[in-house]
Amino acid sequence: MFQRREFLKALGAGLMVSALPNLSYALAPAGYQRLLVLIELKGGNDGLNTVVPYASDDYYRLRPAIGIPRDKVLQLDQHVGLNPALSGLMPLWQNHELAVLQGVGYPEPNLSHFRSIEIWETASASNQFLSDGWLSRLFRQQPLPAGFAADGVVLGSQNLGPLDGGARAVVLSNPQDFARQAKLAGDQQAGGHSDALSHILKVEGDIRQAADALSRPAAPSAIMAKTNMNPADAPTAPPKPNGAFQQAIITLATLLQNGARIAVARITLTGFDTHGNQNNTQNRLLTELGDGLALLRQQLQAQGRWDDTLVMTYAEFGRRPRENGNKGTDHGTANSHFVLGGRVKGGLYGQTPQLAGLTDGNLQHAIDFRQLYATAIEDWWGKDARNVLGSRYVKLPILRA
Amino acid sequence: MKPLLPALLLCLVSTLARAGIGEDGARHLLSRTGFGANPAQIAVYAPLSREAAVDRLLSHTVSTALTSPPGWVNEPFDRPNQGNLSEEQKKALQKERNDHAQELRGWWLEEMRITPSPITEKMTLFWHNHFVSGLDKVGVPQLMYQQNMLLRRYALGNFGSMLHAVAHDPAMMRYLDTANNRVGQPNENFAREVMELFTLGEGHYTEQDIREAARAFTGWSLDKDFSFINRPRQHDNGDKTIFGQHGNFDGDDVLDMLLQNPQTARFVTAKLWKNFVSPTPDEAALKRLSDLFYRDHYELKPLMRAMLLTPQFWKSQGQLVKSPVELTVGTLVTFDLTPPDWRAIAGLNRQLGQDVFNPPNVKGWPGGEAWINSSTLLIRKQFLDRLQHDAAPIRNAFQQADGSMDEAKGREARINRLVQRGLAPVKLQPDEWSAIYQVRSAQDTARLLLAVPPAQPLPAGMSGAQAIGPLLLDPAYQVH
């Protein structure tokens, strides 16, 4: 048995280049070979100052102190434009790889950080309480095939979010350290213990399984074969990261380059709860976001897998259209989000915020966030979303065939 | 025969009730209400009844810290974000703040290690995770120190008084923007979180209650030294409608309304239960406890006494995941260890997800199973692995022929070691530890260290000292 398997492996490596893990992604029509990257903008990013309705007088009426000046906005069309801090995203926009979604939310919005992010991450209705993340539910109902290091990796947060409640999720800061330390995880069987102890035993099991895959050395030859690069152009040392968000991007890219198979990565960028002096903070965070996503694209293009990567941002809520007295904004509802990737059909989707006549109120949503999840589950992975989301949601036409 | 039986039973029951809680019971009580359980303390509590043990804990509480704080805590400080500083001055100020923050964390962790009343520190930590403020936003370590003093003062006092005090606390007022909330320019941050996280819990108020309460809190401000000041001209004197009541309410009126609502007693009681007893709520017990809490006008000692005397508490071994601080400081307490630099322990706890004085957000650390993920579990194990790697070699030096331990020789060795080298006890000493505390066998070690049997059975024939390493790395050491 062992010899035969070794033989097949050698055969695969030598003759059938397409059997190498790095090449299988592009060939598979759909399925979990494709990667979903979720970017959490924690704290509730202010969508109105991210995708700016610069043609609206109401916008400047509601935001006399913090409105982004018309001449600073990076125009997307005659009505809206990006915050100038997001200049890193403009090449994607010009290349039609960036979908800008306006008015993403859900009915009967909740304005609590904690409840609202729970609604997003469990994909529940506003008055419904679910205990598992939407991705945990998907992977339980329609599991990943064998050979994956984990269902997903979590970067920049200790909180598993949509992977909470059962998915095999690995929280990573540094893959090398992880593989080395994993030797400390035991191999006891779970069962017959308190919930607390069972949880610890399960995590030990996930660690052992993931460690094996994550500690595999890089396979640069496969990448070169795929992209027809000569060795001198091969992505060798990753670029030096600028800040924690870029560090997380590099960690993810390195992991994928080393051949670790995962279906999901969730990266958290935190600090968006801007009740006061918003513009300084948001400017810094959006710069990190835009430059980080541009770096992700560059890295995955070099690996030849940008076409099999779908990136979606999310957050608990947007913020109040009318600024508060501290050059900040309070909790709001519907929000702007980005979807990007090599197969994304770039453009504007949803509805430009309806600000006319608004004073203290909040925005209505035009896109239910579960429509995005349905699109990812069905059109991206080719799985069924009905049971995961509890009902059918109209999918968004944001992907190319 | 017949009339004897009830009398016998009665006798049996009262004997059981009076019987000591034993080593298991003592370890459970100490670990849950403090940090780890030192064998010397276990010996003190083991012979006591449940009532006597809980009463002993609650009669030895303190309201101030024993460890002297860093010198700068009472020095005047500059306001953060001053516009007139050069880039270099700003950097220097930021560095000083970071250094101070790290010293402050070390100071508190050391207090947890040496305090004569671990339950006082445990409750202070609980309130830090309830009335959350974080250095990230507060910016000034001095203010976080003052808030820590406040939380310790009320830790086992009156919840209502603590709520009023916290609402006027400068660190809190910066953290939740109370100081920026003015008439005509309301900032809802504090009004929302005081209802959602400090008193009622989600679902027990409306968005209108929040908007109107925010108006009531206007006028509370900070002066240039960051002391509380009431600015009547910034207060909204209009009528407000909060919880169906109309009037020109101010902030303290709103807090009183929140305390009048028994839901506040229920919310706080359930959170204490989850922290001290079990992740599973027991509706009947919670109702009884929260009724008592409400009737007692939010006095915390009687509530904690009643909670620690519930049968559920004494059956809950192994149901809670140890928090990072419980794991790290608790291990140091258990083995009489003192690290050379507490800032390193603070850094470790930050990696483990519990950066004291800087919880992740206003809801605090979620705790429970969320403490453990693949990253944090490995860092926990690394810490414990390191501890046993660095330990003195095990020679079973104080074991006697009959299997008993020579306690006197163990103590003598410890004293000689400390005197000769002038060292703080930083290194785990398995031989001395097992001699001094009469740990004869691996089973003895397991009883002192674990709340539940080890997940990985120990090889036969291990001595008490030899069992320490494998038991520290056993998954069961992560729960209590």
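Values in this text are rule-based calculations from the coordinates and carry no lab data. Small disclaimer: the values here were computed from a predicted structure and weren't measured. Every residue, glycine among them, receives a Cβ derived from its backbone with ideal geometry; neighbour counts consider all protein chains shown.
A few points about this structure:
- Within the protein assembly as shown: Cβ-based charge dipole about Cα centre, in debye rounded to nearest 20 (Lys, Arg +1; Asp, Glu -1): 1480 debye
- For region B:317-329, 3J(HN,Hα) per residue [Karplus equation, 6.51 cos²θ - 1.76 cosθ + 1.60, θ = phi - 60°, Hz, x = Gly/Pro]: 3, x, 8, 10, 7, 5, 6, x, 5, 4, 5, 6, 5
- Summed residue charge, Cβ within 15 Å of residue A:320's Cβ, Lys/Arg positive, Asp/Glu negative: -3
- Across the options B:426, B:161, B:441, the greatest Cα extent toward the positive end of the charge dipole of chain B (unit charges at beta carbon of Lys, Arg, Asp, Glu) belongs to B:441.
- Around residue B:316: net Lys/Arg minus Asp/Glu count, Cβ-Cβ under 12 Å: +1
- Rounded to the nearest whole angstrom, the semi-axes of the ellipsoid equivalent to region B:324-478, taken from the Cα gyration tensor as √(5λ), stand at 30, 20, 11, largest first.
- Label point distance in nm, residue B:56-residue B:74, each placed 7 Å from Cα along Cα→Cβ: 3.5 nm
- Order of B:174, A:140 under a 10 Å beta carbon neighbour criterion, fewest first: A:140, B:174
- Global form of region B:120-215, assessed from the alpha-carbon gyration tensor, a/c cut-off 1.5: oblate
- Taking amide hydrogens as placed 1.01 Å from N in the peptide plane, the amide H of residue B:220 sits under 5 Å from those of B:231, each at least 5 positions away in sequence or on another chain.
- Surface/4 of the Cα convex hull for chain A, nm²: 21.3 nm²
- The protein assembly as shown - mean residue ellipticity at 222 nm from DSSP helices (-39,500 (n - 2.57) per run, n ≥ 4, rounded to 500): -13500 deg cm²/dmol
- Working from label points 7 Å from Cα in the Cα-to-Cβ sense, the residue A:180 to residue A:212 distance is 2.3 nm.
- Membrane-span-like helices in chain A, defined purely by DSSP H runs whose alpha carbon atoms cover 15 Å or more axially and whose average Kyte-Doolittle hydropathy reaches -0.5, are A:2-14, A:195-214, A:244-257.
- Note on region B:324-478: dipole from Cβ charges, positive end direction compared against B:356, B:457, B:476; the farthest Cα belongs to B:356.
- The calculated FRET efficiency for the pair residue A:141 and residue B:363, based on their C-beta separation and a Förster distance of 30 Å, comes to about 0.50.
- Normalising the Debye intensity of region B:234-301 to I(0), with uniform scatterers on Cα atoms only, and taking log10 at q = 0.15, 0.18, 0.22, 0.27 Å⁻¹ returns -0.59, -0.72, -0.88, -1.13.
- Residue exposure sequence - B:161, B:227, A:112 - by fewest surrounding Cβ within 10 Å: B:227, B:161, A:112
- For chain B, size of Cβ-based charge dipole, Lys and Arg +1, Asp and Glu -1, in debye: 800 debye
- Fraction of beta bridges assigned by DSSP in chain A that are antiparallel (%, nearest 5): 35 percent
- A Förster radius of 56 Å combined with the Cβ-Cβ distance from residue B:456 to residue A:57 puts the calculated FRET efficiency at roughly 0.20.
- Translational diffusion coefficient (Stokes-Einstein; Kirkwood radius from C-alpha pairs) of the protein assembly as shown at 10 °C, 1.306 mPa s, in µm²/s: 53 µm²/s
- Cα shape, chain B, gyration tensor, a/c 1.5 rule: oblate
- Note, ³J(HN,Hα) from phi for region A:328-334, Karplus 6.51, -1.76, 1.60, rounded to Hz, x at Gly and Pro: x, 9, 8, 4, x, 10, 4
- Within straight-line reach of residue A:202, meaning a Cα separation under 12 Å, sit the following aspartates and glutamates at least 8 residues removed in sequence or on another chain: A:187, B:369.
- Whichever lysines have a C-alpha closer than 28 Å to that of residue A:345, once near sequence neighbours (fewer than 8 apart) are set aside: A:42, A:72, A:226, A:383, A:395
- Long-range tail of P(r) for region A:55-112 (Cα pairs > 13 Å, %): 70 percent
- Exposure proxy for B:229, A:200: other Cβ atoms within 10 Å of each Cβ, ordered fewest to most, give B:229, A:200.
- Residue B:92/residue B:297 FRET efficiency (R0 45 Å; Cβ-Cβ; nearest 0.05): 0.40
- Separation of alpha-carbon centers, region B:187-256 and region B:323-397, rounded to whole Å: 39 Å
- Fully extended contour minus Cα-Cα distance, from residue B:283 to residue B:234, at 0.36 nm per residue: 13.2 nm
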